Amino acid sequence: MAEEKRDETREKKLKTVLFREEQAARNWQDADLTSHRQASLDYYERNQRAFPSEDGQSKVITSEYLDTVESIMPALMRVFALGDSIVNFTPDNPGDEQAAKEATDYIPHLLLRENEGYIWFYWFFKDALMYRLAWGAVDIEEKEQVKRTPISKIPADVWALMQTQIEQEAEKRDAKVEIDVKQDEAEDSQPAMSVMPQPVTFSGTITTTRKVKKIVVDNVAPEDGLVSPMSRHIDEASFCGYRKKVTASDLRVLGLDQDTIDNLASDDIYTIEEAQRQPNVIQASTERDDRDDSERTLWVVVAFVKFDWDDDGISEMRRVVYAHAGGSVSAIIENEEWTDGVAPIIPGSPILMSHTIPGRDLFDLVRDIQDIGTAVTRGMLDNTYMVNRPRAAVSDAVDLASLIDWTPGMPIRMRQGQKVTPEDLQWLTPTPIMDKALLVLQWKDQIQQKRTGVTPNNQGQPDENMNPTATGASLLTSAADSRIELISQTFAETSIKRLFRLLYRAVKRVAVEPIKYWDGQSFATIDPTKWPDDMSLQVDVGNKASNRVQQMQALGTIAAGQEKLWAAQGNQAGPALGLQHLANTLRKGVEIVGFKNSDQFINPDPQIQQEVAQKAQQPPPPNPEMAKVQAQSQAKMAEVQANAQAKQQEQQSDAQLAQQKLMADIEADRQRAAADMQIAREKAQQDMQLAREKAALEAQLKREELILEAQLKREQMRMDPDTPNSSNIQEQDTV
């Protein structure tokens, strides 16, 4: 009970901290960034309220800011979103090479294929270029995945085994399985006299429901990003996070009870900036504001706050998700310690400022340029209008109604009885300023080019001051391109590197088994559970930010050098240049042209490497002189081989005859031995027979001798009167 009360006290204290931190973050946004973003959008859309003008004057608004943003966007998207080679993970320890290769291939796939990576890059870069500070977030969503598998006429023994495997697999994956499978009824089409029993089969549907975790990359609206004011780095902030719109139904799914949801207010449904972005779409805020409406719009804040939860005097980072109602914390949905140590929040600015999170954007560079361009252009046009339609100085002799009618060819009438004199009608024509205005606009364009790096050449238009040679074009555009490359490199080393590191860590958190995914050619299998906890990486920018013409020119120089090396090596692979180098040049050219999949034009790297390895195992073709010497050597070798073969055949013939003679002698000896053995066997049998007959004869003689002795003895006894019972013996003999 005491522990529960302690937790309630901690949570109450945590709510107070969250409320203060969020209010401070929003107040900082409103004070420093909101007005800047509103003005930026007005200049981008050339809104008249940002450039008021008097009636009768030109209302044109020049588009320097829009042109600058839209000219830099293609270079940024070409660098980061129009190719798969974005990031390279590098092993930090021996044995991490395979993990680095798997991460390099899979993490861009996760962003660009499993998430809307192109949209994320576009929105993030545009927010950063226009609003000083862009926000992104990497989150993990848990959703129920339902898979229904129909089965039909499965034999009983097969179904029994299948059912066991399904249940074991479900238990292993912590999934819920509903089996709606029944035994099929006997078919009436079986013949009545059939002696074979109809097999038992099963049919039905197997429904598998499991919770899966999906890594989601979100764009956060500039006004929805939250960070502690005065923070120098996002990882040093005591509070950071973002808020997002949800519905009452979403909060119910997240676990809040209905009473808590009903008590949440729906104020501040639309921010001022959101209303500015969609003025014709947003309707009244009370459109779906009923308490019992499940689609009522509310807010949820995902916050990463440093807070001493265990009362040990040391702050720990915690991830807290809470329902938002009018700026107060009403209900905490999730509250857990964030052991990763790095908040999965991604800030981004195109021009960094020292010791602060928000930097500068293109609006800071171009705002006064557009003011100048608009003012000078309006003045030039107003002057042109006045030159074309000058004001008139008239007397009472002129009919003013006809003077006001500017229809071409219409006469100017005089009052009745009046004649036209120079004193009655004079045209007051102002001095034309077109040439001076154009000089100012040209100066303005030069200042804009120096500040932003955007030139007519970046936009595919010829520059009238450009050196007509290729070298001159390169010199004039290199300085401008360097600014765009700097912006690209800034994004790469800050926001994009952080994005891919957060994606890597998210994959590590959710991975429980090997993952299969389509890599564009086949299904690849990776095992993030064997990856290290963290890994170094570098974002591939190179010269992608420069225009394609410059890239193709540079690539052409490389190809020309490779061609000379190839010729020097006898038009074959050698120590300085191989087929893989030529393939890399062609593949890079295909990517510069704009094709994503270079495998349409050249074999993929593994196949090329395999062919190169096979070719390396083959001997190189000889030159003509060597071929002649080799032919003579082969002829001599053939003659020697023929003589050797003839001699070998002769030797083989002699050996064969000797072998045949030896085999014949062996066979004769074997036959003689067999005959001698047969004779000995027959002699032994005869000796045994004689011995048996002799023994039988001796036994017969012995028996007869015994019989005679017995008879003789009886005769003696009968004849001897002194022998007892002799009379009986005699009687017996008589009888």
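The values are calculated or read from the model by the stated rules, or taken from the named source; none is laboratory data. Just so you know, these numbers come straight off a predicted model, no measurement behind them. Here Cβ is always computed from backbone atoms with ideal geometry, including for glycine, and neighbour counts include all displayed protein chains.
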- [ ] Could you identify the single residue in 360, 367, 391 that is in contact (Cβ under 8 Å) with a residue 12 or more places away in the chain, within 60 Å of the chain's Cα centre (by Cα) and closer than 26 Å to residue 54 by Cα?
- [x] 367
TODO: Taking residue 340 as the residue in question, decide whether it is exposed (fewer than 15 other Cβ atoms within 10 Å of the Cβ), at pLDDT below 90 and out of contact with any Cys (no Cβ under 9 Å at 6 or more places or on another chain).
DONE: no
Open item on the list: Here is a check on your reading of the model: is residue 523 surrounded by 13 or more Cβ atoms within 10 Å (Cβ to Cβ), at pLDDT 80 or above, under 25 Å from residue 81 (Cβ atoms) and in contact with a strand residue (DSSP E or B) (Cβ under 9 Å, 6 or more places away or on another chain)?
Closed with: no
Task: Of the criteria (1) over 22 Å from the mean Cα position of the chain (by Cα); (2) buried (at least 17 other Cβ atoms within 10 Å of the Cβ), which one residue 138 fails - done: (1)
Open item on the list: Between 65, 106, which is outside the structural domain of residue 451 (by TED's automatic domain parsing), farther than 29 Å from residue 442 by Cβ and of a type in the set (Phe, Trp, Tyr)?
Closed with: 106
Task: Matching entry among 17, 60, 69 (being buried (at least 17 other Cβ atoms within 10 Å of the Cβ) and over 22 Å from residue 348 (Cα atoms)) - done: 17
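Rundown of residues vs (1) more than 36 Å from the chain's Cα centre (by Cα); (2) among the acidic types (Asp, Glu); (3) modelled with pLDDT under 85, yes/no style:
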| residue | (1), (2), (3) |
| --- | --- |
| 237 | no, no, no |
| 251 | no, no, yes |
| 254 | no, no, yes |
| 265 | yes, no, yes |
| 269 | no, no, yes |
| 285 | yes, no, yes |
Open item on the list: So, restricting to strands (runs of 3 or more DSSP E) that lie completely within segment 300-404, which ones have at least 3 residues that are in contact with a helix residue (DSSP H, G or I) (Cβ under 7 Å, 6 or more places away or on another chain) and β-branched (Val, Ile, Thr)?
Closed with: 328-337
Open item on the list: List the residue pairs whose Cβ atoms are under 7 Å apart, where the first residue sits in segment 399-416 and is in the same structural domain as residue 388 (by TED's automatic domain parsing), the second is basic (Lys, Arg) and in a loop (DSSP other than H, G, I, E, B), and the two are 6 or more positions apart or on different chains.
Closed with: 399/413; 399/415; 402/413; 406/389
Open item on the list: On the basis of being surrounded by fewer than 18 Cβ atoms within 10 Å (Cβ to Cβ), out of contact with any Asp or Glu (no Cβ under 7 Å at 6 or more places or on another chain) and either among the basic types (Lys, Arg) or part of a strand (DSSP E or B) (or both), does residue 211 make the cut?
Closed with: no
TODO: Please tell me if residue 128 is in a strand (DSSP E or B), of a type in the set (A, V, I, L, M) and surrounded by 17 or more Cβ atoms within 10 Å (Cβ to Cβ).
DONE: no
Open item on the list: When you scan segment 449-458, do you find a residue that is at pLDDT 80 or above, of a type outside the set (Val, Ile, Thr) and touching a Leu at 6+ places or on another chain (Cβ under 7 Å), even just one?
Closed with: yes
Task: Test: residue in segment 569-576 that is farther than 30 Å from residue 98 by Cα, crowded, with 17+ Cβ neighbours inside 10 Å and at pLDDT below 80 - done: no
TODO: Any chance you could count how many residues in segment 492-520 are within 19 Å of residue 81 (Cβ to Cβ) and either assigned to a loop (DSSP other than H, G, I, E, B) or of a type in the set (Lys, Arg) (or both)?
DONE: 5
Task: Odd one out for residue 83, checked against (1) surrounded by fewer than 20 Cβ atoms within 10 Å (Cβ to Cβ); (2) at pLDDT 90 or above; (3) among the small types (Gly, Ala, Ser) - done: (2)
- [ ] From the list 630, 617, 634, pick out the single residue that is at negative phi, loosely packed, with under 10 Cβ neighbours inside 10 Å and at pLDDT below 75.
- [x] 617
Task: Of all residues making up segment 550-590, the number that are under 31 Å from the mean Cα position of the chain (by Cα) and not in a helix (DSSP H, G or I) - done: 1
TODO: Could you list, in sequence order, all residues of segment 533-549 that are modelled with pLDDT under 80, β-branched (Val, Ile, Thr) and outside any helix (DSSP H, G or I)?
DONE: 541
Task: Residues of segment 216-231 classified as surrounded by fewer than 22 Cβ atoms within 10 Å (Cβ to Cβ) and either under 30 Å from residue 144 (Cβ atoms) or polar (S, T, N, Q) (or both), total - done: 7
- [ ] Select from segment 395-448 the residues that are among the polar types (S, T, N, Q), surrounded by 10 or more Cβ atoms within 10 Å (Cβ to Cβ) and more than 30 Å from residue 376 (Cβ to Cβ) and list them in ascending order.
- [x] 395, 402, 418, 421
Task: Residues of segment 232-260 classified as surrounded by fewer than 21 Cβ atoms within 10 Å (Cβ to Cβ), among the hydrophobic types (A, V, I, L, M, F, W, C) and in a strand (DSSP E or B), total - done: 1
